[in-house]
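Visitor: Once you've had a glance at the structure underneath, I'll fire off some questions.
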Amino acid sequence: YPLRRQRQMCIRDSPTIADRRRNGPNPGPNLPSHFIGSMIMMRRALPLLLLVLSAGCSWLGGWFGSSDSSIRPAELKPVASAVNVQQLWEAKVGAGTEGQFFRLIPALADGRIYAASHDGTVLALDALSGQRLWETDTKLPISGGVGLSEKELVLVGTDKGQVVALQQRDGQEAWRATVSSEVLAPPRAARGIVVIRTGDGKFTGLDARSGERRWVSAHALPALSLRGNSAPVLIQNLVIAGLETGKLLVLSLDKGLPLTEKTIAPPRGRTEIERLIDIDSEPKAFGETLYLVAYRGSVTAIDMRSGNPVWSRALSSYAGLDVDTQQVYVSDDADAVLALDRRDGGTLWKQAELSGRRLTAPVATDDYVVVGDFEGYLHWLNKSDGRIVGRIRAAGKEIIAPPIAAGNIVFVYGKNGSLGAFRAGG
């Protein structure tokens, strides 16, 4: 459960409460504004507090900072017949995401890797050598990134609803824009449109040259959801995104018009916690098929030509998945790594020796599958049977962002701001 992992959660206002705030009676001049604010906060918090208390005292650790020990982190065993893992380079990216739960994911393109930290630092490095090419201090609290736009822009968003575009060649600022709420997902861009997903349930299309708003599309939010948003996938003239409601949303890229909204994982249960069903990780497209996974839901393969499911199987994950030519790799909510047959979803192998270690989404390299964990370790798994064949301490703190792969080189960004490149084998 995400509370065990100290994931933050967002309480969404219902339309009724929002309408009352805008249109309700004035509480009167004798009540100071800070008292009114406290009343509103208590009204929002009380149902949730009662819900948590009703679930038992064991829940409280997840809400107030101590870790839940329902799944004890597995002790690391020596790796038998280990492959050689070497660090190619290491760099520091500001303060990383210390004290925050943000998946700031680096972006890789054209031999460069771009990364950002919550303190406002954005930098570009040579992907092979780690040489710093440029660094820009935006002086903004970055919470979403990094996105790239057609060899021109580096895109980041903030928890104050700002979007900043920097030039890829030198890091100079191209434009700034303001959107409706905090940005928790990397911006995505194609065909001259930058798509921003915000925490209030909106998708905003911005002009890639000027930052001017082209369209806005809103969708309904559940009362309770995991904190975080999956980045949309842009394919041809489509914006494809998994939602907090367990649905798949498809918009037109040019105008933001809703084309379809399909239920992938229906919510079940009586309480809001039981009904959590977020698709909180980025869907993956491979060929004509889209793969996505929901928390407390399923892994589903969808034919993008017809929109119909190819296969679906019950499996819960909020870390995410990756795909190669033959297999789908998933880190489930108990921190087992599974390889599924890409054709029918059948289990090919399951690696459970890393249970409770708060794994990232897997990434498939040419020869291995790699995951990061809460102590900063990277683990290399054999693609054919899931055996752990390599390990290295890649960061001094937790790895939250999924690793990035190029061939057999893996790039990983730790919560403490350390960015490194690693390679296993020859």
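The values are calculated or read from the model by the stated rules, or taken from the named source; none is laboratory data. Everything numeric here is computed off the predicted structure, so don't read it as measured data. When the accessible area is computed, the model is the full protein with side chains, heavy atoms only, and any ligands, DNA or RNA have been set aside. Shrake-Rupley method; radii C 1.70, N 1.55, O 1.52, S 1.80 Å.
Visitor: Would you check the accessible area of ASP303, probe 1.4 Å, heavy atoms only, in square angstrom rounded to 10?
Guide: Here the accessible area works out near 30 Å².
Visitor: Would you work out if region 64-141 is rounded, prolate or oblate? Take a ≥ b ≥ c from the square roots of the eigenvalues of the alpha-carbon gyration tensor; rounded if a/c is under 1.5, else prolate when a/b is larger than b/c, oblate otherwise. Please list the in-between numbers first.
Guide: Numbers: a/c = 3.30, a/b = 1.24, b/c = 2.66.
Cα axes put region 64-141 in the oblate bin.
Visitor: From largest accessible area down, sort ARG112, ARG72; use a 1.4 Å probe on the protein chains. Provide the component values of the computation, followed by the final result.
Guide: Numbers: ARG112 60, ARG72 185 Å².
Of ARG112, ARG72, the descending order of accessible area is ARG72, ARG112.
Visitor: Past 32 Å, Cα to Cα, is the threshold; run LYS92/LYS284; LYS284/LYS415; LYS92/LYS160; LYS77/LYS247 against it and keep the listed order. Walk me through the numbers before you get to the answer.
Guide: Numbers: LYS92/LYS284 29 Å; LYS284/LYS415 24 Å; LYS92/LYS160 25 Å; LYS77/LYS247 39 Å.
Among LYS92/LYS284; LYS284/LYS415; LYS92/LYS160; LYS77/LYS247, the Cα-Cα distance tops 32 Å for LYS77/LYS247.
Visitor: Alpha carbon centre of region 283-304 versus region 112-131: separation in Å?
Guide: So the separation of the two Cα centres works out to 30 Å.
Visitor: Scattering from the C-alpha atoms of region 315-396 alone, worked out with Debye: what is log10 I(q)/I(0) at q = 0.19, 0.21, 0.25 1/Å?
Guide: -0.72, -0.89, -1.27
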